[in-house]
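This report refers to the structure that appears directly beneath it.
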Amino acid sequence: AAVKEVLSELQMMFPDTFEPPVATAASSWTTSPFSGGCYPYTSVDTQPGDFIKFAEPTHNGRVLFAGDTCAVGVGLGYVEGAMAAGERAADTIIAVPPS
């Protein structure tokens, strides 16, 4: 239901340019046995630059990740970091020239 609502909102916001995604997925982090509450976890051998790798685009710059674990310089593990990472990813997308 949430995915349909978001897609409907995007359609209304961008009626001339919106293209629906090929596929979507949603999960509940609070009930997933694999998320552990979804907080960043560091091990004893974690290096300072390891989390920065999460923020790097992949697949020739076509796939971006954003969230508290992708925070660079501020808010790792917190809402502030998720917001900053989201803004950085959005800026990256906006900077791509239209094809």
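The values are calculated or read from the model by the stated rules, or taken from the named source; none is laboratory data. This one's a predicted model, so the numbers in the text were calculated from it and none came from an experiment. Quick reminder, even Gly has a Cβ in these numbers, built from the backbone with ideal geometry, and neighbours come from all protein chains shown.
Of all residues in the stretch 73-99, those being touching a Gly at 6+ places or on another chain (Cβ under 7 Å) and part of a helix (DSSP H, G or I) number 4.
Looking across G86, G81, one residue alone is surrounded by 12 or more Cβ atoms within 10 Å (Cβ to Cβ) and at pLDDT 90 or above. It is G86.
Quick check: is even one residue across the stretch 56-65 closer than 25 Å to A2 by Cβ, modelled with pLDDT of 80 or more and either in contact with a helix residue (DSSP H, G or I) (Cβ under 9 Å, 6 or more places away or on another chain) or surrounded by 14 or more Cβ atoms within 10 Å (Cβ to Cβ) (or both)? Checked against the condition, which is being closer than 25 Å to A2 by Cβ, modelled with pLDDT of 80 or more and either in contact with a helix residue (DSSP H, G or I) (Cβ under 9 Å, 6 or more places away or on another chain) or surrounded by 14 or more Cβ atoms within 10 Å (Cβ to Cβ) (or both), the stretch 56-65 yields at least one hit.
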